[in-house]
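Contents: one structure, followed by commentary.
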Amino acid sequence: MAHLYAPYQQLLDRHVVEVSTEEGGLVTAFRYANAMRAAETASLLQRQRTQLAAFDPATLKDAAAAIAFWINAYNFFMVAHILENPEDGEPVEGVKSFGSFINPYRVFQRDLFTVGGATYSLDDIEKGILLGEDFAARGWKDARVHFAVNCASVGCPPLRQAIYTAERLDAQLDDNLSRALRTDRHLRVDGDTLYLSRLFDWYEADFADVAGSVRGYVLRYVDGELRQAVEATSDIAYIDYDWSLNRVENFPELAGER
């Protein structure tokens, strides 16, 4: 996996910013403008695309390897699309910039990305493969994927500096989910109300299939005072999703990283 995704890993190493919060959360961003100006970016993107186009995903015979592979593919293709499609030489304001008034989410539905000679959309990868019927039938479907695939938006879970690997997948998925939940973008408590990322609303069935309910799922990934606060709530509401680009400038917590 490391060799297959070596060009993408170089992009992450050079342009992802990760900052831990006092509460144990994690905030990350991608320096798109820097990457666009870097001389080696075009070569890294092309090398990664070539390697994925030539790789046969049918050779992935176990769950961890397959899940890690497709998460990395989704995240790479999302980053690559933004880097290769600037507006007036600058990163777009957000992924909705690639859509229209009628369909602002068009970027997720376009068949633009090649793996093993086949063409996929981002939705194909996330909903058709990672969370699709075949993976579910094999027992490979994992709701934590919702907090690993990154749609290049402020409201998304953190985009990590390290690629996902089969050997570390379980720990990586747990870490990204639990640390996301320790930020106000994904979980906060106000009185009797538990405010959660809209991901828990959109994909409620996936989380409920695992733990019986969204609340039950969240309680698996919080501890200490935060767990007590969650347990004390009686209502659930959902946080408006921020579709702004996950660039450093859009995160107040990363002001010192600009």
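In loop segments of segment 4-104 as defined by DSSP, the GluC sites (Glu not before Pro) with at most 10 further C-beta atoms inside 10 Å of their C-beta are 22.
Model label points for residue 213 and residue 118, set 7 angstrom from Cα along the Cα-to-Cβ axis, are 3.9 nm apart. I want to verify a result. In a Gaussian network model of the chain, Cα cutoff 10 Å, which of these has the top mean-square fluctuation: 57, 157, 91? Highest fluctuation among the options: 57.
The slack in the chain from residue 232 to residue 100, taken as 0.36 nm per residue of separation less the alpha-carbon distance, amounts to 43.3 nm. The simple spin-label model puts a point 7 Å past each Cα toward its Cβ; for residue 21 and residue 223 those points are separated by 1.9 nm. Less than 5 angstrom separates the built amide H of residue 113 from those of 120, all sequence-distant by 5 or more or on a different chain.
At q = 0.21 Å⁻¹, what base-10 log of I(q)/I(0) does the Debye formula yield for segment 1-124 when every alpha carbon is treated as an equal point scatterer in vacuo? Ignoring solvent entirely, the Cα scatterers give -1.32. Bridging of residue 141 to lysines at a Cα separation below 26 Å is possible for 61, 127, once same-chain residues fewer than 8 apart are set aside. Spherically averaged projected area of the convex hull of Cα atoms, segment 186-240: 3.4 nm². Once both labels are positioned 7 Å from their Cα atoms along Cα-to-Cβ, the gap between residue 53 and residue 166 label points is 2.6 nm.
Each other residue within a Cβ distance under 10 Å of residue 183 adds +1 if Lys or Arg and -1 if Asp or Glu, for a net charge of +1. Taking every Cα-Cα distance in the chain and sorting them into 10 Å bins starting at zero, the pair-distance distribution P(r) comes out as 7, 30, 37, 21, 5, 0 percent. Our estimate of slack between residue 61 and residue 138, defined as 0.36 nm per intervening residue step minus the Cα-Cα distance, is 26.6 nm. Expressed as a fraction of 2.2 N^0.38 Å, the value expected for a compact globular protein of N residues, the C-alpha radius of gyration of segment 164-256 is 1.16. Under a Gaussian network description of the chain, with springs only between Cα atoms under 10 Å, the residue in 59, 28, 233 that fluctuates furthest is 59.
Segment 1-36 and segment 68-110 have Cα centres separated by 17 Å.
Since every read-out is calculated from the coordinates, none of them should be taken as a lab result. Note that the coordinates shown come from a computational prediction; the quantities given were computed from them, not determined experimentally. Neighbour counts are summed over all protein chains in view; Cβ atoms, including those assigned to glycine, are modelled from backbone coordinates with ideal geometry.
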